[in-house]
Structures are given as C-alpha cells and as structure tokens.
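Trainee: Below are the structure tokens for one structure; questions will follow.
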Amino acid sequence: MKILGVVLMASALVMSGPTAARNAAPATDRTAALVHEADAFFKGQQPGGVVLVTQGDRVLLRRAYGMADIENGVAMRPDAALRLASVTKQFTAVAVMQLVQAGKLRLETPLDTLDPALAGPMGKVTVQQLLTHTSGIKNVSSIPASRAARREEADALGLIGYFKDLPLEFASGTRFRYSNSNYIVLTHLIQRLSGQSYAEYMQQAIFQPLGMQHTRYDTHLAIIPGRAHGYRKAQGVLQNADFISMTQPQGAGGLISTVDDLARWHQALRDGTLVPAALLAQAMSKTVLADGKASPYGFGWIIGQVQGLADVEHGGFINGFNSYVVQLKAPDVFATVLTNAEFLDPTTLTVRLAAIAADVPYAATVAPSAKDAVWLGRYVLAEDDVRVLSLVDGHLQLLRQGEGEEPVAVSPGTDGRYYLDGGLDALSFATANDGRAFVTLHDRLMGDTVGYRAPTAAAPATGSAHP
C-alpha cells in the first residue's frame, strides 16, 4: 500500500500552463499522443500493466502491456485483474458514507461510542479523522511486529491490536499523516455496523449494484480469472513478489479489479449513483485542520489538479503491484494505470495521460543550455529549507541542504519550467523588482513556495555539486 509521501503528487495550485482546452485536438490525435506516452513507459519491460483513458463515456485508450505471467508466457490482457492496493481506500470511504446516509453513524462520532473495544488513546478520534488521515494513530505499516507478520492470516481487530494502546502521534485534527491504520479501523466499523464481513458488504452494496463483476476482496485461495502475477527486482534481478496474506491490508488496500470496472466506478461517482452529491462533495474536498490550514486529502482521495484542472486521484503500492487513478470533473476525464511490478510506478504516467485526454498536455523536456546558468545558486525557501541549483557534468540538479539529502535531477521544459526528477513538480525562475533572483517551487500537492537567491554569487558550472 503506497504511503502518501510517495502517493500524494497533486494539489489545487494554479499552474502557468493552459487551464482549459482551447481548439481541442481531434480524438484521434489525442489517442496517438496517449499511445506514445504509454508505449514509452512500458518499453522493454517484462512485467507490464493495463492502461485505460476515457473522456465522458468514450474510450480514448485501452491497452495492455507486457506479461501477466512471465513463467508461463501469458501476455497481459486489457481485462486482466490486478491488485488495487491503496486505491481500495476510496471504496472503503464510500462504504462508510453509505452507513452515514443510513443513519448508522455520523462523521463526528468518536470511536469509543461505536465500539467500547476502541477505548483508550484513540477513543476520541472521530470517523471523519480516520477518513482524512488526521487521527494521529500510528501507521500499522511502520510497526515492526506488524511488518514481520505480513505472511500471516489476520483480521481487522487483530491488526488494531498492534496500535490501539499506543499514544497518538499528534492531537487529532491538528495534522495530516497518512496511516493505513485509519482504514483498518474503518474496516472494523463497516463490519460491526453492517453485520457483514467487509468483503460481503462491498460485494452487496457496491460491486453488484454497479455491475463490477471483476472486482472483489482479494485472496490467494480464490480462482480469479485473468489475475496477473506480481513481480519485483532485487539487485537488478527480476523475481516473483514476496508473499503477503491479503487478510493483512483489509479496507486499506485489499481489493483486486480491472480497468473496465474502475471506469464503471468512475461513472457511478460522476453520476451520483452511490451516495448523495453533498456528501460526495465533502469527500472530494480538502480537509481543514485545527489551525485553519488545508490538507490535500479528502475521504480516500487526494484533492489535486492536472494543469490547473481540478481532479481527485490516488495511488497504491502492495507486494508486486502499483496502481494509480485520476478523475477530472470538467472536462470529464478518467485515467487509470495498473501494473504488476513494484518498480513500475504509474503515478506520473497516469497524470500525463489525463492531461493529454483533457487537451492540456504537459511540456516536453529538453537538454540544459547556456541560458539556464543564470539561475544557478542557493535559494532560501524557509529557515529550514534551502535548495542549491547546480550544473554538474552538463546536467542540472537541485540539492536540499541537510544530512542525508540526495540531489534531484532537473530538466528544462519547453514551457519555461524546470521539472524535477522526471516528475511533474517544477521550478520557475524570475527576477524581482529589486534585482534579486527568486524561484517558485510548484508542488502538485502542496502548492507554490517562493525562495530568494542568497546574495552569494551564482553557482559556477564547474562540475561541483555546490556553488
């Protein structure tokens, strides 16, 4: 299950790129661009994945890549079933909202009033704080005893036992910190209040009504048609993924599905089929913390943007698999990429595909040129955040000063921005009225941060990592 430090790659900042599709490219041109982007990502890979991009109810790209089962020579198919990992969380969140709508709980209800077994340090945490990762409950995925038991069968209450009596890491509602524990507790509440297992409830209340015939709670014991095998690399050698009992992730990451079923899910959310519009709007909005600041996480969704167009998105990582889903409201665009390899992270690809489908593609990158040297130097974004832009062996890199920090590759874009580490976070540079150079760090998740260049001279293009 992907931790949010990796997953959260989006926010509602307004970027300087196009914010609406003008003179929209023909669908055939967009499909060609989508194919080019996806082909480049999967080129030369033995495992692979499945890609689906739609606009409205029209499929722009549906394609499989690589192998579903390398040992037996089985190619990946567009209808292959792959683990969703933390994309599961949005399904769990909708199940909770259904219980709210049914009057079985309220978002502001403390846990110890719903189940006395949850009394203790987390007893006054509310349902909404679980949904938004603002509870302060320690992440079960970071507890050594839990990690050591990943191969063993488990249930929600047993997993809760790893963290129930631990002190909260911060006062509930004051901070955002991604924790799979939150959604394991929600799994327990769904089961307790519905009188069904999580798997049974999801099947009866969500998957069957939506015709999601290829989505279910995963288990290694079941015969699942089209299921892809998962892979990893160790010291560059391709291996089967390490085993994990699928009883471990629960409602934080236990589902398996297909891209076609995920498109049905998107349509149901778009059309208001499952929960009232007002409740869904709350789920797809940023969370306001106790100090009034906003967290970019709703109920199982990251609240972000693609080239200035508002979206919700989420990713996931679990042994052998990665997943990512992006949903735009206007225009109505849906993009998802599921892969069967731990080393094939589809986050950036999925966002790029959504941008192409919305006719606001991200800029291509180019090699550094002499004009880029004018911006080299040391920039102070905050007292504890100093970044150094250098030119090393003909390549730009950005280093955040501090122990253990590693330099990040910087690639100039044809739009005038400088993109970080092959992703979509970027820098832009300008000169203030007083003549000082300043940088704006455009973080897709957290927004814009500005820093001025320190008065020392710009870094020389000498091959040193420091100016």
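The values are calculated or read from the model by the stated rules, or taken from the named source; none is laboratory data. These figures come from a predicted structure and were not determined experimentally. A quick note on method: Cβ atoms are made from the backbone with ideal geometry, for glycine too, and the neighbour counts reach across all protein chains shown. Please note that ligands, DNA and RNA were not included when accessible areas were found on the heavy atoms of the full protein model with its side chains. Shrake-Rupley method; radii C 1.70, N 1.55, O 1.52, S 1.80 Å.
Trainee: Counting only residues that are in a helix (DSSP H, G or I) and of a type outside the set (A, V, I, L, M), how many does the range 102-111 have?
Mentor: Pass one, the range 102-111, residues in a helix (DSSP H, G or I): 111.
This time we only want the ones that are of a type outside the set (A, V, I, L, M), so: none.
The total comes to 0.
Trainee: Which members of the range 250-274 meet the condition of being part of a loop (DSSP other than H, G, I, E, B) and over 26 Å from SER142 (Cα atoms)?
Mentor: Our first condition is that a residue be part of a loop (DSSP other than H, G, I, E, B); within the range 250-274, this holds for 253-254, 258, 271-274.
Those that are part of a loop (DSSP other than H, G, I, E, B) and over 26 Å from SER142 (Cα atoms): THR258, ASP271, GLY272, THR273, LEU274.
Trainee: Additional query: Can you pull out the residues in the range 388-398 that are under 30 Å from VAL360 (Cα atoms) and open to solvent by less than 40 Å² (accessible area, probe 1.4 Å)?
Mentor: LEU389, LEU396, GLN397, LEU398
Trainee: So for the range 314-321 (the condition being touching a Gly at 6+ places or on another chain (Cβ under 6 Å) and of a type in the set (Phe, Trp, Tyr)), does at least one residue qualify?
Mentor: So far as the range 314-321 goes, yes, one or more of its residues are touching a Gly at 6+ places or on another chain (Cβ under 6 Å) and of a type in the set (Phe, Trp, Tyr).
Trainee: Taking GLY73 as the residue in question, decide whether it is among the small types (Gly, Ala, Ser), on the phi > 0 side of the Ramachandran plot and without any contact (Cβ under 8 Å) to a residue 12 or more places away in the chain.
Mentor: Yes.
Trainee: Only one of these is touching a strand residue (DSSP E or B) at 6+ places or on another chain (Cβ under 7 Å) and either open to solvent by less than 60 Å² (accessible area, probe 1.4 Å) or not in a helix (DSSP H, G or I) (or both): LYS138, LYS124, LYS164. Name it. Even if it seems obvious, please write down each step before you answer.
Mentor: Details: LYS138 fails: touching a strand residue (DSSP E or B) at 6+ places or on another chain (Cβ under 7 Å); LYS164 fails: touching a strand residue (DSSP E or B) at 6+ places or on another chain (Cβ under 7 Å).
The conditions single out LYS124.
Trainee: Further, regarding this structure: So for the range 371-388 (the condition being assigned to a loop (DSSP other than H, G, I, E, B) and at pLDDT below 95), does at least one residue qualify?
Mentor: yes
Trainee: Mind telling me which of the residues THR187, THR247 ends up being out of contact with any Leu (no Cβ under 7 Å at 6 or more places or on another chain), assigned to a helix (DSSP H, G or I) and among the β-branched types (Val, Ile, Thr)?
Mentor: THR187
Trainee: Still on this model: Restricting to the range 263-296, and then to whatever is touching a residue at least 40 places away in the same chain (Cβ under 8 Å) and over 21 Å from the mean Cα position of the chain (by Cα), can you tell me which residue is farthest from ARG106 (Cα to Cα)?
Mentor: Across the range 263-296, the extreme among qualifying residues is ASP291.
Trainee: Take LEU424 and decide whether it is farther than 29 Å from PRO361 by Cβ and surrounded by 14 or more Cβ atoms within 10 Å (Cβ to Cβ).
Mentor: Answer is no for this residue.
Trainee: Taking into account only those residues within the range 429-456 that are more than 30 Å from ALA310 (Cα to Cα) and touching a residue at least 60 places away in the same chain (Cβ under 8 Å), which is surrounded by the fewest Cβ atoms within 10 Å (Cβ to Cβ)?
Mentor: THR456
Trainee: Something else about it: Determine, yes or no, whether PHE299 is within 29 Å of SER172 (Cα to Cα), open to solvent by 10 Å² or more (accessible area, probe 1.4 Å), under 18 Å from the mean Cα position of the chain (by Cα) and touching a residue at least 24 places away in the same chain (Cβ under 8 Å). Full working, then the answer.
Mentor: Working: within 29 Å of SER172 (Cα to Cα): yes; open to solvent by 10 Å² or more (accessible area, probe 1.4 Å): no; under 18 Å from the mean Cα position of the chain (by Cα): yes; touching a residue at least 24 places away in the same chain (Cβ under 8 Å): yes.
It is false that PHE299 is within 29 Å of SER172 (Cα to Cα), open to solvent by 10 Å² or more (accessible area, probe 1.4 Å), under 18 Å from the mean Cα position of the chain (by Cα) and touching a residue at least 24 places away in the same chain (Cβ under 8 Å).
Trainee: Right, another one. Spot the failing condition for TYR183; the list is (1) open to solvent by 10 Å² or more (accessible area, probe 1.4 Å); (2) among the aromatic types (Phe, Trp, Tyr); (3) under 15 Å from GLY253 (Cα atoms), and only one is missed.
Mentor: Failing condition for TYR183: (1).
Trainee: So SER197 ticks every box in (1) in contact with a helix residue (DSSP H, G or I) (Cβ under 8 Å, 6 or more places away or on another chain); (2) buried (at least 18 other Cβ atoms within 10 Å of the Cβ) but one. Which box is left unticked?
Mentor: Condition (2) is where SER197 drops out.
Trainee: To continue, here is another question. Name the single residue, out of those in the range 31-47 being buried (at least 16 other Cβ atoms within 10 Å of the Cβ), more than 21 Å from GLN267 (Cα to Cα) and not hydrophobic (A, V, I, L, M, F, W, C), that is nearest to the chain's Cα centre (by Cα).
Mentor: This residue is GLU37.
Trainee: Name, by its number, the condition in (1) closer than 30 Å to TYR178 by Cβ; (2) modelled with pLDDT of 95 or more; (3) assigned to a strand (DSSP E or B); (4) not hydroxyl-bearing (Ser, Thr, Tyr) that does not hold for LEU396.
Mentor: (1)
Trainee: Give me the residue from the range 144-161 that is surrounded by 13 or more Cβ atoms within 10 Å (Cβ to Cβ) and more than 25 Å from the chain's Cα centre (by Cα) and, out of that set, nearest to HIS188 (Cα to Cα).
Mentor: For the range 144-161, the residue satisfying everything is LEU157.
Trainee: Would you be able to tell me the number of residues in the range 220-240 that are open to solvent by less than 40 Å² (accessible area, probe 1.4 Å), assigned to a loop (DSSP other than H, G, I, E, B) and out of contact with any strand residue (DSSP E or B) (no Cβ under 6 Å at 6 or more places or on another chain)?
Mentor: Of the residues in that region, 1 qualify.
Trainee: Also: Return the residue satisfying two criteria in turn: it lies in the range 48-93 and is basic (Lys, Arg) and open to solvent by 30 Å² or more (accessible area, probe 1.4 Å), and of such residues it is nearest to the chain's Cα centre (by Cα).
Mentor: Checking each candidate, the answer is ARG83.
Trainee: Based on what the data block shows, is THR365 within 30 Å of SER86 (Cβ to Cβ), in contact with a Pro (Cβ under 7 Å, 6 or more places away or on another chain) and open to solvent by 40 Å² or more (accessible area, probe 1.4 Å)?
Mentor: The answer is yes for THR365.
Trainee: Just to be sure before I move on: is GLN250 polar (S, T, N, Q) and crowded, with 23+ Cβ neighbours inside 10 Å in the structure I sent?
Mentor: yes
Trainee: Okay, moving on. Within the range 257-282, can you find the residues that are in contact with a helix residue (DSSP H, G or I) (Cβ under 6 Å, 6 or more places away or on another chain), open to solvent by 10 Å² or more (accessible area, probe 1.4 Å) and closer than 28 Å to GLY49 by Cβ?
Mentor: Of everything in the range 257-282, those that are in contact with a helix residue (DSSP H, G or I) (Cβ under 6 Å, 6 or more places away or on another chain), open to solvent by 10 Å² or more (accessible area, probe 1.4 Å) and closer than 28 Å to GLY49 by Cβ turn out to be ARG264, LEU274.
Trainee: Could you list all residues from the range 409-429 that are of a type in the set (A, V, I, L, M), assigned to a strand (DSSP E or B) and touching a Lys or Arg at 6+ places or on another chain (Cβ under 8 Å)? Quick ask: steps written out before the conclusion?
Mentor: Taking the range 409-429 as the starting set, the residues that turn out to be of a type in the set (A, V, I, L, M) are 409-410, 420, 424, 426-427.
Narrowing further to those that are assigned to a strand (DSSP E or B): 409-410, 420, 426-427.
Answer for the range 409-429, where residues must be of a type in the set (A, V, I, L, M), assigned to a strand (DSSP E or B) and touching a Lys or Arg at 6+ places or on another chain (Cβ under 8 Å): ALA426, LEU427.
Trainee: Does ALA117 satisfy the condition of being open to solvent by 30 Å² or more (accessible area, probe 1.4 Å) and under 24 Å from MET202 (Cβ atoms)?
Mentor: When the stated conditions are applied, ALA117 passes them.
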